[in-house]
């Protein structure tokens, strides 16, 4: 069957220009100014006296910057890949309801190549200050700071090279995951465009197959990525829930981003096929996966709390018993569970844009705090915090 | 004619035909008593013009009951009635109570909702549900029309309306 021209309402085509571009550019400039201001304030705040005393492991102003870079890398790379995941999920499940909005999550994937480059490049710049396991003395039996536990885990980062040298296995995993995600995204994008121009369902079938393969790959890769990029910061500590925990956090933030953009475009007069039932479904997704995230968070917490094994509970001791992070843990739970749960409980709240906009902004901010809480205590100790 | 006794039944084979039929029958001014189908048909409630179900309210109240019950029970048992040291935790440590609270909330919400549904749709043990056509439990959709509620039309005319909308059979059903 040859290609046929199908009626496409070009009024609905979204052009990223002019009135849309300006506010975003303004926010970008504002962000850059705040970044510079933050760096200057952090530099002025000093820590110079300590440097002399503590030597190698002293806190420097740029540690704060590095931790922030890492949080942003992981968080936004996650939202981008969740967009592709959501798209693939809809095809694998043969869902019909989501057809009018599917291009929104798919478009998130455009960030993936940039995310890949930024994360991999920034690993080489910030990695040594973020990841404790990159220090080679940990693997040297003769060194007083030799660490048997980390030495035992070393192969996971350094194989097949000598422990403490270059973390080749870690880097390869990072490159492979990002490359595969980006390639899957590219393939799905091509198939999705081709499906629009074809009246048969052959592209739909191919998209479904690719989606299913991607989902299997993503299930494994997101979990391993969680251990690599976040869990290995607290190198001694481990949690079998961590892959799920990070996926849940990514997924609910991604869903909120999809909802927010859908509502924004709807308000601007795009997406005329989207009605309140679609909005309702997105609301249900956000509601359900806020609870899912909480379920995972609490499961991880409860097991560690109950067993009370020191090498496990140190993770929560660092967070809950710290004046800096303790309150943030409760802010995290409030923003990501209690508020979405209470606000989105009724049917009307899930169908009306105002509530959904507020809640999705809360969730996006809330999960940024969630990631901050995952990264900062292990990297900055008492120097972290949100402000 | 007495109400709720004499019915005309339109039997439909397909849920899409049924959905169109419901709209057409209502447009032609015939009042529908109820539609019976072997599985949930999407959009049937809207087509019949039913108001939103109040079942979620019952579910919420039963859920709250479950939460309250679970927390009270555990606090009473673990703090006052028979305090036990388990894993060195507080007698009334809140995280200990969350799993049971969660389970009882879900259990009571689900059971309460099912119970309310059964009672309100006359499926309670002492109720006597009326079977319009036994085939609605298998593969047929049945639209029941109360003759008394459509006094302006006779049986024949209603039957014709149903036939015109795609009913495969039109039957009569009397309850005494």
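The values are calculated or read from the model by the stated rules, or taken from the named source; none is laboratory data. Predicted model, so just to flag it, every value in this text is computed and none were measured. Methodologically, a virtual Cβ is constructed for each residue, glycine included, from the backbone with ideal geometry; neighbour enumeration extends over all protein chains shown.
Test residue B:72 against the stated conditions and say whether it is loosely packed, with under 13 Cβ neighbours inside 10 Å, at pLDDT 95 or above and out of contact with any strand residue (DSSP E or B) (no Cβ under 7 Å at 6 or more places or on another chain).
Numbers: loosely packed, with under 13 Cβ neighbours inside 10 Å: yes; at pLDDT 95 or above: yes; out of contact with any strand residue (DSSP E or B) (no Cβ under 7 Å at 6 or more places or on another chain): yes.
Yes; evaluated as a whole, the condition is true for this residue.
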For the stretch A:138-194, how many residues meet the condition of being over 29 Å from the mean Cα position of the chain (by Cα) and assigned to a helix (DSSP H, G or I)?
-> 4
Mind checking which residues of the stretch B:55-84 are farther than 28 Å from residue B:121 by Cα and within 13 Å of chain A (Cβ to nearest Cβ)?
-> none
Which one of A:356, A:320, A:333, A:386 is surrounded by fewer than 20 Cβ atoms within 10 Å (Cβ to Cβ), more than 13 Å from every other protein chain (Cβ to nearest Cβ) and within 20 Å of residue A:249 (Cβ to Cβ)?
-> A:386
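Looking at the stretch B:49-69, can you tell me whether even one residue there is in contact with a strand residue (DSSP E or B) (Cβ under 9 Å, 6 or more places away or on another chain) and exposed (fewer than 15 other Cβ atoms within 10 Å of the Cβ)?
Going through the stretch B:49-69, the residues in contact with a strand residue (DSSP E or B) (Cβ under 9 Å, 6 or more places away or on another chain) turn out to be none.
Within the stretch B:49-69, not a single residue is in contact with a strand residue (DSSP E or B) (Cβ under 9 Å, 6 or more places away or on another chain) and exposed (fewer than 15 other Cβ atoms within 10 Å of the Cβ).
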Residue B:88 within 14 Å of chain A (Cβ to nearest Cβ), exposed (fewer than 14 other Cβ atoms within 10 Å of the Cβ) and either closer than 27 Å to residue A:298 by Cα or touching a strand residue (DSSP E or B) at 6+ places or on another chain (Cβ under 6 Å) (or both) = yes
Pick from A:315, A:371, A:305: which is surrounded by 14 or more Cβ atoms within 10 Å (Cβ to Cβ) and within 14 Å of chain B (Cβ to nearest Cβ)?
-> A:305
Test set (1) closer than 27 Å to residue A:298 by Cα; (2) away from every other protein chain (no Cβ under 14 Å); (3) assigned to a helix (DSSP H, G or I) - residue B:115 fails condition number | (1)
